[in-house]
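Following: one structure in structure tokens, then a few remarks.
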Amino acid sequence: MFIHRKEPLHAVEVKSSDPAFAQKLLEQFGGATGELTASLQYFVQSFHTDDPGLKDMLQNISTEELGHLEMVGMLIEQHTKKASANVQDAAYKSSLFSLRGKGPHFLDSQGSSWKADYINEGANPVRDLRANIAAEAGALATYEALLAISPDEGTTRALQHLATREVAHTEMFMSALKQMSKLDDAIFGDLKPDDTVNVYYNLSSSLGGKSERGPWNSEPEFKFVQDPLEQRKKGSLEGGAKRH
Ligand code: MN
Ligand code: MN
């Protein structure tokens, strides 16, 4: 069951309203990287694992994200309330709140409706935890963009807390993967990989033949195939290098 407490997780105190900024905040309310997406993603994933520790973590973080949704909702409410009271407010009139009304809506900053398609879940705990690291990265990137244009001190303080918690969640999901020895192992199912598992195909090349090299395409982890077409003519694209 759920019990709602009226006090937010962290103070939300907007001094002066900015409806244009509130519209950007919608990205974290009804947008792809937003708190609704995160909360529902972790909630549904919690039913997909029998591990009591993992289930507990997903349910706790899902509930915290719902608390974040409340904070973002309060920020939008405070940024639009005062502005809507002033009929002369040109910024309010030019925002989507002039049509939909003050306060948050399940829309992103461009007015597109929230979609369940934003949720990434697939019942395999490793896949789910990796999806969660990506979800947290998306949320953190949006919060950093919002912080860069935050119009007032109170908004900045709330956003700093929200951004910080996404960093904390990322660390927690990474810890869970590490415990499963899946933080740096791409294979997690029953797949028996073929000989190409370590092969890097140089399929984007310049006329000069220069190729960029890095640890992602170098020995001992990877075998670099300079000319895949030539090797294909020889009848094989297999690398044969041993997987670490
Ligand atoms: Mn959050
Ligand atoms: Mn999070």
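Every number in this text was worked out from the coordinates using simple rules, so none of it is lab data. Note that the coordinates shown come from a computational prediction; the quantities given were computed from them, not determined experimentally. Cβ sites come from the backbone with ideal geometry, for glycine too, and all protein chains shown count toward neighbours.
Applying the Karplus parametrisation 6.51 cos²θ - 1.76 cosθ + 1.60 with θ = phi - 60° to the phi angles of the stretch 203-216, what ³J(HN,Hα) value in whole Hz is obtained for each residue in order, glycine and proline being reported as x?
Each residue's phi maps through the Karplus curve to give 9, 10, 10, 9, 4, x, x, 6, 10, 6, 10, x, x, 6 Hz.
As I understand it, the value is the acute angle between the Cα axis of helix 35-45 and the longest principal axis of the Cα atoms of the chain; what does it come to in degrees, rounded to 10?
50 degrees
Looking at the calculated P(r) for the stretch 85-178, what percent of the C-alpha pair distances fall above 14 Å?
Within the stretch 85-178, distances greater than 14 Å cover 75 percent of Cα pairs.
Taking only DSSP H segments of four or more residues, each worth -39500 (n - 2.57), what value at 222 nm results for the chain once the sum is divided by all its residues, to the nearest 500 deg cm²/dmol?
Roughly -16000 deg cm²/dmol at 222 nm, from the helical runs in the chain.
So for the chain, averaging the separation of alpha carbon pairs under 8 Å that are six or more residues apart and normalising by length, what relative contact order in percent results?
21 percent
Would you grab the residues whose amide H sits under 5 Å from the one on Lys223? Only those 5+ places off in sequence or on another chain, please, with H modelled 1.01 Å from N.
Distant-sequence amide H within range of Lys223: Val199, Tyr200.
Using the structure shown, select from Lys93/Lys115; Lys178/Lys234; Lys178/Lys210 the pairs with a Cα to Cα distance greater than 29 angstrom.
The answer is Lys178/Lys234; Lys178/Lys210.
Can you tell me which of Phe173, Phe29, Phe222 moves the most in a GNM of the chain? Springs connect C-alpha atoms under 10 Å apart.
Of Phe173, Phe29, Phe222, the Gaussian network model singles out Phe222 as fluctuating most.
From Cα pairs below 8 angstrom and at least 6 apart in sequence, can you work out the relative contact order of the stretch 39-151, rounded to a whole percent?
Reported as a whole number, the value is 26 percent.
How big is the dipole moment of the chain about its Cα centre under a simple scheme where the beta carbon of each Lys and Arg is +1, that of each Asp and Glu is -1, and everything else is neutral? Debye, nearest 20, please.
440 debye
Here are some pairs, Lys55/Lys192; Lys6/Lys102; Lys192/Lys233; Lys6/Lys81; Lys24/Lys82; which of them have Cα atoms lying more than 22 Å apart in this structure?
Correct reply: Lys55/Lys192; Lys192/Lys233.
How are the C-alpha pair distances of the chain spread across 5 Å bins, as whole percents from the shortest bin up?
1, 6, 11, 13, 13, 11, 10, 9, 8, 7, 5, 3, 2, 1, 0
Kindly state, as a whole number, the per residue volume in cubic angstrom of the convex hull around the alpha carbon atoms of the stretch 28-129.
Roughly 79 Å³ of hull volume per residue.
Expressed as a rounded percentage, what relative contact order does the stretch 101-215 have, with Cα pairs under 8 Å and six or more residues apart?
The normalised contact order for the stretch 101-215 reaches 20 percent.
From the residues Phe29, Met74, Leu96, which one has its Cα farthest along the dipole of the stretch 28-120 in the positive direction, the dipole being from +1 and -1 charges on Cβ of Lys/Arg and Asp/Glu about the Cα centre?
Farthest towards the positive end: Leu96.
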